[in-house]
Amino acid sequence: MSASPAGQLRSIAIGVTDLAAAERFYNDTWHLQTVARTGDAVYLRGAGAFHHILALHRADTPDVRNVTFSVAARADVDAIAARTPAAGGRVVSGPAPVEEPGGGTAVTVADPQGRILRFVHGDERLAEQPHGDAPSRITHVVFNSADVAVAQRFFEDALGFRLSDRTKVMAFMRCNSDHHSIALADSDADTLNHIAFVMPDLDAVMRGAGRMSDAGWPIEWGVGRHGPGNNVFSYFVGPDDFVIEYTADVLQVDDAYRTGGPSDWTWPPGRFDQWGVSKPPSDRIKQAQKRIRFA
């Protein structure tokens, strides 16, 4: 597909109220590996090549610090910095060297609704590991938006995203061959909806769900298969009420993909996925999907 300067979703940085407990959870149960640490932060990798895909920061209240994309060329960093103000956002810092594990040169921007997005080039890569039942990377992040049209225009105009599908409640946006790297959900507040970690296959999703259940973290929605994106899903509410998803089989698209509208994505009454086996989202996940804000 046509290249976007945004490149590929790399990582998300979140604030957690118990850093040690969150690290244990994401190591032992979620199957990420600690790759670096500072006095107040821990950096965790998946089985893929990115230096880290999740950064945990010590915080008084849970929050999102930034969402980071790894871009293909240094010129893409400059292009995003140049295009952001005209699209309604602002440059927070950079382009400048990144002073945290993983390195690289980055520009940090805020979108019109205050989300902090970072675009880094030249960040460190690690040798890929056997995937087993470990997530390889983050495949998408979903944001709640009080005005999806405003957010969508920014992602298109400043960052080169394209709309893959629009349902009654969500716009699915892509910046590479993944069906979506960002999705924007209609809401009354600009908050984090969830973070999706991609697993090798359906079996790995199922084993991960079993591992979570064994550790006392029940499935809050799923297991099922979504419509837009065609991905398998299993959702959980993790430490500090961050909503996290194990997923697999994410649809790969190119420029020939036909953008779908709400009429393309309807289910019979009482159905919540393609298969018709998933129960509806729990009340707990519905509440958790609304509460985490950007710092």
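Every number in this text was worked out from the coordinates using simple rules, so none of it is lab data. Since we're looking at a predicted model, the values are computed, not measured. Methodologically, a virtual Cβ is constructed for each residue, glycine included, from the backbone with ideal geometry; neighbour enumeration extends over all protein chains shown.
For this structure, a couple of remarks:
- For the chain, calculated [θ]222 nm from helices alone, where every DSSP H run of n ≥ 4 adds -39500 (n - 2.57): -4500 deg cm²/dmol
- Surrounding net charge for Gln113, when Lys and Arg each add one and Asp and Glu each subtract one, Cβ distance under 12 Å: +1
- Taking every alpha-carbon pair in the stretch 98-214 and binning the separations at 10 Å intervals from zero gives 12, 34, 33, 20, 1 percent.
- Loop trypsin sites (Lys or Arg not before Pro), the stretch 128-172 (other Cβ atoms within 10 Å of the site Cβ: 12 or fewer; DSSP): Lys168
- Neighbour counts of C-beta atoms inside 10 Å place His31, His180 in the sequence His31, His180, starting with the fewest.
- Whether the stretch 78-122 is rounded, prolate or oblate, judged on the alpha carbon gyration tensor where a/c under 1.5 counts as rounded: prolate
- Note on the chain: antiparallel DSSP beta bridges, both residues inside, total approximately 70 percent of the bridges counted.
- Normalised by 2.2 N^0.38 Å, where N is the number of residues, the alpha-carbon radius of gyration of the stretch 8-121 equals 1.10.
- In order along the stretch 97-102, the phi-based Karplus estimate (6.51 cos²θ - 1.76 cosθ + 1.60, θ = phi - 60°) of 3J(HN,Hα) comes to x, 8, 9, 8, x, x Hz; Gly and Pro are listed as x.
- Ratio of Rg to Rh for the stretch 179-253: 0.97 [Cα atoms; Kirkwood radius as inverse mean 1/r over pairs].
- Each DSSP beta bridge with both residues in the stretch 137-294 is either parallel or antiparallel, and the antiparallel ones are about 70%.
- As a rough footprinting exposure proxy, the listed residues Arg115, Arg271, Arg225 were ranked by other beta carbons within 10 Å of their own, and the order from fewest upward is Arg271, Arg225, Arg115.
- Among Arg211, Arg118, the order by Cβ neighbours within 10 angstrom, fewest to most, reads Arg211, Arg118.
- Among 58-69, 81-92, 240-251, the peptide with the highest mean count of other Cβ atoms within 10 Å heads the list, and the full ranking is 240-251, 58-69, 81-92.
- The chain - percent relative contact order, Cα under 8 Å, separation 6 or more: 18
- When you work out D = kT/(6 pi eta Rh) for the chain at 4 °C and 1.567 mPa s, using the Kirkwood radius from C-alpha pairs as Rh and the Stokes-Einstein form, the result is 68 µm²/s.
- The residues packed around Phe50, meaning those with a beta-carbon under 12 Å from its beta-carbon, carry a net charge of +1 if Lys and Arg are +1 and Asp and Glu are -1.
- Pairwise Cα distances in the stretch 137-294 exceed 26 Å for 23 percent of all pairs.
- Taking Lys and Arg as +1 and Asp and Glu as -1, the other residues whose beta-carbon sits under 12 Å from that of Glu100 total -1.
- Only beta bridges with both residues in the stretch 8-121 are counted; by DSSP, about 75 percent of them are antiparallel.
- Cross-link reach is defined here as a Cα-Cα straight distance under 20 Å, omitting same-chain residues fewer than 8 places apart; for Lys168 the aspartates and glutamates meeting it are Asp147, Glu156, Asp186, Asp188, Asp190, Asp264, Asp273.
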